[in-house]
Amino acid sequence: MIPELPATLVRGLGLFLPLGALIALCLWRAPSHRETASMIVASGWALLTLIPLNLYAVHADWWSFHAEGALWQGLPVDLLLAWVLLWGALPALLLRLLPVPLITGLLVWLDVILMPLAEPVVVLGPRWPLGEVVGAALCLVPASLLAFWTRHRRLLLARMWAQALLAFGLMVALPVYVLATTPPETVPWQIRVELPGMEELSILVQLLALVCLPGLAAAREFAVAGRGTPLPYDPPEHLVTSGPYAYVRNPMQLTLVLVYLVLGLLHPVLLIGAPVCLAYGAGFATWHEDGRSRERFGHAWTHYRAGVRPWLPRWRPWPGRAPGTLFVAMDCGMCREVGNRVAARRPTALRMRPAADHPQVLYRLTYESADGTRWSGLAALARAMEHLHLGWALTGWALSLPVVRPFLQLCADAFGAGPRPSRMVPVPPPQAPQPLSPADS
């Protein structure tokens, strides 16, 4: 029979044991930029998923918490942070020594041992092993994989979308949830969020979707054109001047400011996030970005910085932006009409070429960037829209969303915009029949 430890000792050891292990690994060898980036994304994922996991665990009677002080929604904040370190930052550093499967198995085994020892703070229910399995599948394994992919620069687009999800969850969804669930009597002013009606909620969601478009498109552009992510320790390898960066220099910071201004319609307290993001973006982020970009990209960065404002978007794209080429099938009436409409709007840094001039046979409207990256169909049209003006660019970014674009492309194909060869492959002439030899007859 294991003796029950005092609650204060349980909470103290619960926090300082994983913290001590993390500090020891950092002292043994200082984390590299790649390791720091992997620690950040893994810890972010762990935090974002451990909160709903523990809230549901109490509801499902997997385990419950019995503690006083430093609580939020009945969860001990210190143990929650300890779990974030144990399943987030620590696996990212353990990748120095072990592969992901061994790290996962080791930490699950350690958690199974420590959970019963956490009484009386953590009281386990009869089905707590099920909660352990669910937690490992939703929290630990994805966090460890994100850390591994970040450390080794793999699955760039998947990491980018994961970071976008983390940014929305930690900077938007979590503050709104905290504000909505904070009892008004615990603070000196009324901060209770009143849920809007369906009509107001629909308008709010549409406004949020609109202001999020530049930020999502900018994150995607970092991955596609720059070969990096928005994380400062995982920056792009190439200077990005296409997409939203052809219109404004800080599209992601501007998006956050606009998001908090929209959320201010839900409650004025959320407006505090706008000046905080603005101060961070105009202060530390700009100073850090300018120094690193000037060092890495030299005159190209200085030229770009002189032509594109940091916060006020241009209406027309910057003329020095990365060029592109739109290949249009001239033997297709619908394609030719689309090309004419794009050309009539005087696109910036966009060449229009007949698809038959391409060395390969093209089957859809095709856009090629200067580095050879290719888009086809509606994705190509969306890229071409970025060369027109900000209004068309917003439309193009909306068309490029992961779920929206395949659905609209399917609809366009159903209405006659399906693939067709822009240049027929030459067919060899038929050969005259050869006379039969005596052996064949």
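Read-outs throughout are calculated quantities, based only on the coordinates presented, and are distinct from any laboratory measurement. The structure displayed is predicted, hence computed values, not measured ones. Positions of Cβ are generated from backbone atoms using ideal geometry, with glycine treated the same way; all protein chains shown enter the neighbour counts.
Residue by residue through the range 270-275, what is 3J(HN,Hα) from phi via Karplus (6.51 cos²θ - 1.76 cosθ + 1.60, θ = phi - 60°)? Round to whole Hz and write x for glycine and proline.
5, 5, 4, x, 5, x
Can you work out the Karplus-derived ³J(HN,Hα) for every residue in the range 99-109? Use 6.51 cos²θ - 1.76 cosθ + 1.60 with θ = phi - 60°, whole Hz, and x for glycine or proline.
Each residue of the range 99-109 in turn: x, 4, x, 5, 4, 4, x, 4, 6, 5, 4 Hz.
Pull the list of the chain cysteines that no other Cys approaches to under 4.7 Å, Cβ to Cβ.
By the Cβ distance rule, which asks for a partner under 4.7 Å, the isolated cysteines are C26, C139, C212, C277, C411.
On full extension of the chain, what length is gained from F16 through L174, given 0.36 nm per residue of separation minus the C-alpha to C-alpha distance?
So the chain would gain 54.3 nm between F16 and L174.
In deg cm²/dmol, rounded to 500, what helix-only [θ] at 222 nm does the chain give when every DSSP H run of at least 4 residues adds -39500 (n - 2.57) and the total is split over its residues?
About -16500 deg cm²/dmol.
For the chain, what ratio Rg/Rh do Cα atoms give with a Kirkwood hydrodynamic radius?
1.08
Take the alpha-carbon centre of the range 135-167, take the same for the range 395-421, and report the distance between them in whole Å.
Using only Cα atoms to place each centre, the spacing works out to 28 Å.
Please report, in debye to the nearest 20, how large the charge dipole of the chain is about its Cα centre when each Lys and Arg carries +1 at its beta carbon and each Asp and Glu carries -1 there.
1940 debye
Which percentage, to the nearest 5, of the DSSP beta bridges contained in the range 324-417 is antiparallel?
Rounded to the nearest five, the antiparallel share is 60 percent.
Within 10 Å, count the other beta carbons around each residue, average over each peptide in 371-380, 98-107, 146-155, and list them highest first.
Output ranking for 371-380, 98-107, 146-155: 146-155, 371-380, 98-107.
If R₀ is 25 angstrom, what is the calculated FRET efficiency for the pair E237 and S32, using the beta carbon separation as r and rounding to 0.05?
Calculated transfer efficiency: 0.95.
Go ahead and run the numbers for FRET between H299 and H152, Cβ-Cβ distance against an R0 of 56 Å, rounding to 0.05.
That gives a FRET efficiency of 0.95.
Starting from one equal scatterer on each C-alpha and no solvent at all, send me the Debye-based log10 I(q)/I(0) for the range 232-327 at q = 0.22 Å⁻¹, two decimals.
Relative scattering, expressed as log10 I(q)/I(0), comes to -1.14.
Can you check what the net charge comes to around C139, using other residues whose Cβ is under 15 Å from the Cβ of C139 (Lys, Arg +1; Asp, Glu -1)?
Local charge sum for C139: -2.
From the phi angles alone, apply the Karplus equation (6.51, -1.76, 1.60; θ = phi - 60°) to the range 69-78 and give each ³J(HN,Hα) in whole Hz, x where the residue is Gly or Pro.
Result, rounded to whole Hz: x, 6, 10, 9, 6, x, 9, x, 5, 5.
Would you pull out the residues with amide H under 5 Å of V328's amide H, same chain only if 5 or more places away, H placed 1.01 Å from N?
Residues meeting the criterion, in which the H sits 1.01 Å from N, are R353, A355.
Using packing as a proxy for protection, rank 131-144, 65-78 so that the peptide with the highest average count of other Cβ atoms within 10 Å comes first.
131-144, 65-78
Express as a percent, rounded to the nearest 5, the fraction of DSSP beta bridges in the chain (both residues included) that run antiparallel.
70 percent
For the pair V205 and Y280, what calculated FRET efficiency results from E = 1/(1 + (r/R0)^6), where r is the Cβ-Cβ distance and R0 = 35 Å, to the nearest 0.05?
The calculated FRET efficiency here is 0.85.
What net charge is computed for the residues neighbouring P310, neighbours being all others with C-beta under 14 Å from the C-beta of P310, Lys and Arg scored +1, Asp and Glu -1?
That sum, taken over residues with Cβ under 14 Å, equals +2.
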